[in-house]
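Written out below as structure tokens is the structure these notes cover.
None of the figures in this text is laboratory data; all of them are computed from the coordinates on show. Since the model is a prediction, treat every value here as computed from it, not as a measurement. Cβ placement follows ideal geometry from the backbone for every residue including glycine, while neighbour counts extend to all protein chains displayed.
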Amino acid sequence: MGEVLSQNEIDSLLQALSSGELDADDISASDERTAKNYDFKRPAKFSKEHLRTLEIIFEHYGRLLSTNLPVYLRKNIQVSVVNSEACTFSEFSTALANPVLLGIVSFQPLNGNVMIELAANLGFTMVDRMLGGPGNPLEKSRDFSEIERTIVDKMMAVCVSLLREPWKNVVELTPYLERVETNPQFAQIIAPSEMIAIVTLNIKIGDIEGLMNICLPYFTLETVMDKLNTKYWYASMKENDDENYEEYIETVIRKVHMPIKAVLGKSSITVSDFVNLQCGDIIKLGSKVDNEMDIYVGNLKKFRALPGTAKESYAVRVTQVMREEE
């Protein structure tokens, strides 16, 4: 709908027409819409909304990297999303250096593959840390040796395994690393003219910085493009939180190992007696054999029990549960 004119504006327009200051042909010409140029070689398949949702997904992925990789590299790691953009695959592949680390990732159940490009200096830093070094990259770039490739493959596999959780609000993925290439010519996963989305992450391992580029072909994401919007993403996240968060927390807590100790009794002896203890000596405890003993979970007294045996092992039989008020 066009802009609604006020009565004063209408009167002024009619007066300008009657006086000849304004021509009716000029008004009709100004209403004509101008055509916009459209490049059919680069169709706009990724909207700003799609790219923004991908940034949100990989912000979550960056947090997972910064908390999981230090376990292997024993270094502080910071990850942040730099930007996202859409381009053709040929533009992406021609900008790659040689050598480079290119992880070809299967995005099951989605069709096709995605590609993870890791800067060479980050790869050499990871190798140096895994082999016990300070994590310094090489001063002069060179190809990766077979041993270095094996280490990098394992680290890339760890990075790929972390992709599942950030995407669960869009699709349940089972990603796995198919192979790692160091030559861009052997990593042609789609046609050069196909459109892709690129999300760039900045990774800082200690004092060493480098980029990780995630190449996401439109062919791979085509079936879930409708779900790549912030409204759907946040709605799915809230729904998953409401339904599964409590169950998830309970499952995690049940897997926690807790130390349990049974106290047979207590006694006090002198330091001299303790130093001179020999095999066969008897220490008198402050409890009887048929008395109940205290069971501690961590440092909290939670149960009372009677001592006994189970097959060839010592055991206790719980006779009372200690409540907080007790």
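Over all orientations, the range 260-321 has a Cα convex hull whose mean projected area works out to 5.6 square nanometres.
Here Cys279 and Gln320 are evaluated by their C-beta separation; at R0 = 41 Å the FRET efficiency comes out at 0.70. Take 8-18, 250-260 and order them by the average number of nearby Cβ atoms within 10 Å per residue, most first; the result is 8-18, 250-260. Once backbone amide H atoms are built at 1.01 Å from N, Ser287 has Lys266 as its partners under 5 Å, excluding neighbours fewer than 5 places away on the same chain. Fewest neighbouring Cβ atoms within 10 Å first, the residues Leu162, Leu131 line up as Leu131, Leu162. Pairs from the list Lys227/Lys255; Lys255/Lys302; Lys75/Lys255; Lys255/Lys311; Lys45/Lys154 with a Cα-Cα gap above 23 Å: Lys227/Lys255; Lys75/Lys255; Lys255/Lys311; Lys45/Lys154.
Projecting the alpha carbon convex hull of the range 48-251 along each direction and taking the average yields 11.8 nm².
Packing order of peptides 116-129, 275-288, highest average first: 116-129, 275-288 (average count of other Cβ atoms within 10 Å over each peptide's residues).
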